[in-house]
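Structure, as structure tokens:
Please treat every number below as a calculation from the coordinates, not as lab data. Everything quoted here is computed from the prediction, not taken from an experiment. Cβ coordinates were reconstructed from backbone atoms using ideal geometry, including for glycine residues, and neighbour counts include every protein chain displayed.
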Amino acid sequence: MIPLTYYLVISAVLFAMGVLGVLIRRNPLIIFMSVELMLNAANLAFVAFTRAFNVLNGQIFVFFVMTVSAAEVAVGLALIVVIFRTKHSIDVDLMSALKG
Amino acid sequence: MLLSEVSNTGFFHLVPLIVFFPVIGLLINIIFGGLMKEKVIGWLASAASGLAFVVSVLLAVALSGAHGEAQVIPFAEWIRIGTLNIPWNFRVDTLSVTMMLVVSGVGTLIHIYAIGYMHEDVRFKDDPGRFRRFFVFLNLFIAMMMILVSGDSYLMLFVGWEGVGLCSFLLIGFWYDKDTLGRPSFANAEAAKKAFVVNRIGDFGFILAALTMFWAFGSLQFGDVFGKAAEVAHAMPGVVIAITLFMLIGVTGKSAQIPLFVWLPDAMAGPTPVSALIHAATMVTAGVYLVARSAPLYTLVPQAQYIVALVGAVTALFAATIAVGQYDIKKVLAYSTISQLGFMVAAVGMGAFVAGMFHLVMHAFFKALLFLSAGSVILGLERGHHHLSHHEGHPSTTLRAGSEHEGKHEDAEPVEAFDPGDMRNMGGLRKQMPVTFWLYLIGTLALAGIFPLAGFWSKDEILADAQLHYPLVFILLTIAAFFTAFYMGRQIWMVFFGKARHDAAAHAEESKPIITVPLMVLAGLSILGGALNLPYLHTFTNWLGHTLGGEGAAAAEGAAHTVEAAPWYVLGGLNLAVAGLSTLLALVAIYLSWLIYGRKPLAAGQKDPLKKALGFIFTGMERKWFVDEIYWAAFVNRYVDLARFLADVIDGRFWHDWFHDKVLAGTYNWLSRIALDKVIDTRGIDAFFNGLGELTKRASASLRRLQNGFVRSYALAVLFGVVVILGYLLMK
Amino acid sequence: MDFTLILFIVLAVVAVLTAIGLLVSRSAVYAALFLVLNFATVAVFYLLLGAPFIAMAQVTVYAGAIMVLFLFVIMLLGAEKLPKGQVMPWQRPLAIALTVVLLAEAGFLLFQRLSITTALSNPEAALNTEGAVQAIGAMLFSQYLLPFEVTSVLLLVAMIGAIVLTKKEKGESV
């Protein structure tokens, strides 16, 4: 009998890790991966609540989240590849053309 | 008469026409005068004046039908403020009708005379366009004089009083920019100004009288004032004395008595018809009329009466002495007018109102005659001068024995400096201008008081009354009468007898009938005028008695109706002793003048024989006893000094230079420059707004650093926002 | 002590450690592998929570497809170790601080504001049968049919997008 709060704490911690990863790392791939981590944390919370309320809607939503994140990764990685082609480097700090 | 059967009250309502006929005349002349010929303008103006005369006659007839009862014809409401009510009413009584007849009658004759006179004068002065203006002003004068004599209150009288003062100014200064010979000069304007200013001093006296009267009586209407006169005099005698003496100041101004007579001799600068009408016959008599009208007031204050009589008598003698030493033909007549006015003022001052009015009417006739004849003489000389310079091609010169001027030519100057009014240029005009000579002679004899001409009757009435109650006045007036005859004789001998002393006089021509015919009418009146108030008949006394009541009649009658039996030499009011004395003195005076001026006529350039005989006295007479010089030194220059002081020192240096420039402007400049500009504007307001700009710049510079283009920092910002919002939501 | 609790704690520790590993690895490949491990752990969580289908989907899609894709791209782009960053030295501490605040807020929310006392029971054996998957399928095709179909379009779009983006222009290298 694991309390629901345990799962939610884990979810929060993983989410925080993901946020930190997005902010600190300079490799766009790592940043992307951190985003996936965040999504996962959210999924975990969803499924935990599904179990708590005994409905299946949470799981359906997780299904969709996964689908969308797959699509997103595909496109995102394609973008990174394209950027690499022009910049020949994947340092995020170099992409500061919006500096004003 | 058919007229007397007509309803008399109907005629009284015609009275406003005496004012409005001349007004219509002048309006037509102003508006349409530019399109009309000279003759039309002149005759139109004369017709306006003539119609006023006709109305005056009708009023006289109606009045006699109404047994001389005074009629008050209301005309218009003028001032109505609270309890103060001063309407414009016309008063038709024997006194005002007398004045109306004189003004319009003599006025019409002078209008006709002026047609001919001005026709020549504007050509002599080379400005024909000014003809119309003269007749406009003349009609205006008649209108104003009519307002004066027909008013029913002191205020209406004053309106006319001021109006005639204005017309006098306008007419004296008619040739405001030319002198007698047409050369540019402002002497006439100066004379007009002097007349106006001196008159104003008199008007001030009149205003004081009117205000005091209003304060004491509560009204200015004749009826109200005279009705309450007795009780006010009983309660506050000082007030009535004050009123009458203030009025005397007005009289000395308008009627040219001491001390305000100085304007009249200068007023001769105006054209001769003006001198005749205004300064002999009518305007100057307004003062006499005023005193006669105020008879109920004057008879209550014998002290004031005595002062008035004395002023008149002294003036009469003073002016007569000056007339002896004058050389200008019109100046002699001017001083003569002042002297005769002195007679009139003395008469009404003594309470002999009828005598004064009688002399007023007679004087109007023969003084107008004399002035107009003098005008005719002047025109004759101007004609002669014109004749010479244009036909003979060389300028006329004075015929001096010594001939240093013979053959001397002026440089192409058409007008030589010669005065056509100077008696020293005249002489022998009896032959050149016979009609004028006879007319002038009639006028002279009338003025001198020779039986049976008009002046004899009127002057002797005055002397008779003076002799009864006021011995000092009698002596002064008698001596003045002596001088009167003397200077008039002197004038006759100098002008008409002997040999011409100037080329112009030698070639003088007689005047046209349009000039001489009105003179003949006046001469006829001068001869027959005495019939107005003959002894035993006393037509005029009775006529005026309706208005002036018992006082005028009693004084005029003299001793005839008093308790004592009349002395043997008083016949029906005529005092033979006095009459005989004055006639004798007049004849002696004329004989004296013949001895000096007639037996050995003056030659050209010769000095007046009296100069050697009387020395400095004659110089005094010649220089009018230095009155003008004294006035200038004592009053005018002191006033100019005061004005200059006020203007230069107080207004200029103190007020403008110091107060305005240093204090006000300086303070303001200091304030705006130092206080506001340097301190407040620069350091305060500028700093504030510049500071705002600086602040914005710095804020934006620092905020700009947020946009560093790094994705990570943008993400951080997002997280920051999330944290804040989450925190806020948690805190709620 | 409950078996599931111990399992849970172990799994939780592993999950956190792998997450930290993802954060700090210099090499991208190591980071990817750490993430795979994380996904596996989460899959077991799902099993613990009685969601067999999701657990399988997690392993299959996330760990199997997505991470493999990541690894492909890492290889493609060269997993070079990026030099130490010079810009914005203040950013790292601030980020850590904010994250800690975020965590604190989450904790505050969980423990102070929300009073959750639910305890989740262990998964019954009955849950891990095909009956569970059937239920999901039934719901998916009835209640959530439209999103399901839209998702298919979405995937199509993503595919096309990826292809279009990375299409080589004529004359371009790489």
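So the values come out like this:
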| quantity | calculated |
| --- | --- |
| Set of lysines with alpha-carbon distance to B:LYS193 below 16 Å, sequence-local pairs under 8 removed | B:LYS178, B:LYS254 |
| Rg/Rh for the protein assembly as shown, where both radii come from Cα atoms and Rh is the Kirkwood radius | 1.65 |
| Square roots of five times the Cα gyration tensor eigenvalues for chain B, Å | 69, 37, 27 |
| Distance between the stretch B:52-80 and the stretch B:178-224 - C-alpha centres, whole angstrom | 27 Å |
| Part-to-part distance (alpha-carbon centres) for the stretch A:6-21 and the stretch B:661-732, which is given in Å | 43 Å |
| Over the stretch B:182-303: Rg over Rh, Cα atoms, Kirkwood Rh | 1.09 |
| Built amide H within the under 5 Å cut-off of B:GLY151, gap 5+ | B:ARG91 |
| Simple spin-label estimate for B:HIS390 and C:ILE163 in nanometres, 7 Å along Cα-Cβ | 13.0 nm |
| Stretch gain in nm, segment B:HIS67-B:PHE20, where the contour uses 0.36 nm per residue and the Cα spacing is subtracted | 14.3 nm |
| The stretch B:166-240 - Kirkwood radius from inverse mean 1/r over Cα pairs (Å) | 15.1 Å |
| Cα→Cβ-extended label distance, 7 Å offset, between A:ASP91 and C:PHE72, nm | 2.9 nm |
| Spacing of the two label points (7 Å from each Cα toward its C-beta) at C:VAL24 and C:GLU149, in nm | 5.2 nm |
| Computed over chain A: relative contact order in percent, which uses C-alpha pairs under 8 Å that are six or more apart | 27 percent |
| Gyration tensor verdict on the stretch B:470-522 (Cα atoms; rounded if a/c is under 1.5, prolate if a/b is larger than b/c, oblate otherwise) | oblate |
| Whole-Å distance, taken between Cα centres, linking the stretch C:21-44 and the stretch A:34-100 | 15 Å |
| Sorted by Cβ density within 10 Å, fewest first, the residues C:LEU47, C:LEU77, B:LEU703, B:LEU522 | B:LEU703, C:LEU47, C:LEU77, B:LEU522 |
| Cα long-axis angle, helix B:94-124 against chain B (0 to 90 degrees, to the nearest 10) | 80 degrees |
| Overall Cα dimensions of the stretch B:1-151 - principal axes, largest extent first, Å | 52, 47, 23 |
| Counting all C-alpha pairs of the stretch B:78-167, share separated by more than 21 Å (%) | 44 percent |
| For the stretch B:498-506, 3J(HN,Hα) per residue [Karplus equation, 6.51 cos²θ - 1.76 cosθ + 1.60, θ = phi - 60°, Hz, x = Gly/Pro] | x, 9, 4, 9, 8, 3, 4, 5, 5 |
| Net charge, B:PHE343 excluded, C-beta distance under 15 Å - Lys, Arg +1, Asp, Glu -1 | -1 |
| Kirkwood Rh, angstrom, the stretch B:208-250 [1 / mean 1/r, Cα pairs] | 10.1 Å |
| Links that overshoot a 25 Å alpha carbon limit, given the list A:LYS99/B:LYS697; B:LYS37/B:LYS330; B:LYS194/B:LYS330; B:LYS367/B:LYS612; B:LYS512/B:LYS607; B:LYS194/B:LYS459 | B:LYS37/B:LYS330; B:LYS367/B:LYS612; B:LYS512/B:LYS607; B:LYS194/B:LYS459 |
| D_trans [Stokes-Einstein, Kirkwood Rh over alpha-carbon pairs] for the stretch B:331-374, 25 °C, 0.890 mPa s, µm² s⁻¹ | 231 µm²/s |
| Residue-averaged beta-carbon neighbours from other chains (10 angstrom radius) around C:64-71 | 4 |
| Whole-Hz couplings from phi, Karplus 6.51/-1.76/1.60, listed for the stretch B:359-374; x for Gly and Pro | 5, 4, 5, 5, 4, 4, 5, 7, 6, 4, 4, 5, 5, 5, 5, 4 |
| Local net charge near B:VAL274, Cβ-Cβ under 14 Å (Lys/Arg +1, Asp/Glu -1) | +2 |
| Taking the convex hull of Cα positions in the stretch B:647-703, its mean projected area over all directions (nm²) | 3.8 nm² |
| Fewest-first sequence of C:SER152, B:SER56 by Cβ atoms within 10 Å of each Cβ | C:SER152, B:SER56 |
| Structure-based [θ]222 nm, the protein assembly as shown - -39500 (n - 2.57) summed over DSSP H runs of at least 4, per residue, nearest 500 | -22000 deg cm²/dmol |
| Average other protein chain Cβ within 10 Å of Cβ, residues B:516-529 | 0 |
| Cα gyration tensor category, rounded, prolate or oblate, for the stretch B:421-538 with a/c compared to 1.5 | oblate |
| Shape of the stretch B:629-732, Cα gyration tensor, a/c cut at 1.5 | prolate |
| Point-charge dipole on Cβ atoms (K/R +1, D/E -1) for chain B, about Cα centre, debye to 20 | 2140 debye |
| Per-residue HN-Hα couplings for the stretch B:322-334 [Karplus 6.51, -1.76, 1.60; θ = phi - 60°; Hz; x = Gly/Pro] | 5, 4, 4, x, 8, 10, 7, 4, 6, 5, 4, 5, 5 |
| Rounded FRET efficiency, nearest 0.05, which uses the C-beta distance separating B:ARG683 from B:VAL649 and R0 of 41 Å | 0.40 |
| Full-extension gain in nm, B:ASN669 to B:HIS13, via 0.36 nm per residue minus C-alpha separation | 229.1 nm |
| Tail fraction, Cα-Cα pairs, chain C, threshold 29 Å, whole percent | 46 percent |
